[in-house]
Amino acid sequence: MEKYGDVVYGLVRRVLAGAGRTEDVEECVSDVFLAAWKRIDEYDMKKGTLRTWLLILAKYAALDARRKLLRQQVMQSFDGHAAAGASVEEKVLTKEASAELLALVHALPEPDKSLFYRRYFSYESIEQISQGLNLTVKAVESRLYRLRKWFKAKLGERRAE
């Protein structure tokens with residue numbers, strides 16, 4: 001930890017930038033070193049240095065932590081916790097809107113449903129999505145544009161009712 005702690009901390013901090021607090025970074029770094037301690041028998045000197053192995057562990061732990069933190073933020077805003085000062089009526093309306101949005105997402109056909117989840121819940125880049133779904137970048141961008149437009153129209157219709 002003394003030798004590689006700063007390097008691991010720096011990587012985790014960069015990956016979690018904008019998603020977590022200092023405590024989240026520190027917890028993730030602790031998790032990395034705990035995982036290294038438990039999985040030291042998996043380390044193979046022939047494949048790389050200890051530093052490289054630790055940085056790989058740190059990268060994947062930080063990416064997992066980032067996804068978890070961002071998912072929590074999205075779910076908190078869906079649940080209305082983000083609007084702590086909101087009235088009961090506003091909280092109920094926010095919860096209803098969240099339920100409507102989730103119902104619309106669940107009703108989407110494939111690959112649109114996967115595309116939506118990967119972009120807006122997992123925060124994958126358009127390039128990652130295009131590779132994962134075997135679509136061109138332009139096709140992914142077009143589908144996302146049409147999905148946003150469709151959601152806007154559907155949610156607008158329901159509010160008008």
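The values are calculated or read from the model by the stated rules, or taken from the named source; none is laboratory data. Only a predicted model underlies this, so the values are computations on that prediction, with no experimental measurement involved. Neighbour counts run over all protein chains shown; Cβ positions are idealised from the backbone, glycine included. For accessibility, only protein heavy atoms count, side chains too; no ligands or nucleic acids. Shrake-Rupley method; radii C 1.70, N 1.55, O 1.52, S 1.80 Å.
Numerical summary
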{"read-out": "Label point distance in nm, T49-E27, each placed 7 Å from Cα along Cα→Cβ", "value": "3.1"}
{"read-out": "Whole-Hz couplings from phi, Karplus 6.51/-1.76/1.60, listed for the stretch 16-29; x for Gly and Pro", "value": "8, 4, x, 10, x, 9, 4, 5, 5, 5, 4, 5, 5, 4"}
{"read-out": "Where Y120, Y60 fall by accessible area, highest first, once all protein chains stay in place (1.4 Å)", "value": "Y60, Y120"}
{"read-out": "Long-range HN-HN contacts of E124 with modeled amide H, under 5 Å", "value": "R119"}
{"read-out": "Linear extension gain, L133 paired with F151, 0.36 nm per residue minus alpha-carbon span", "value": "4.3 nm"}
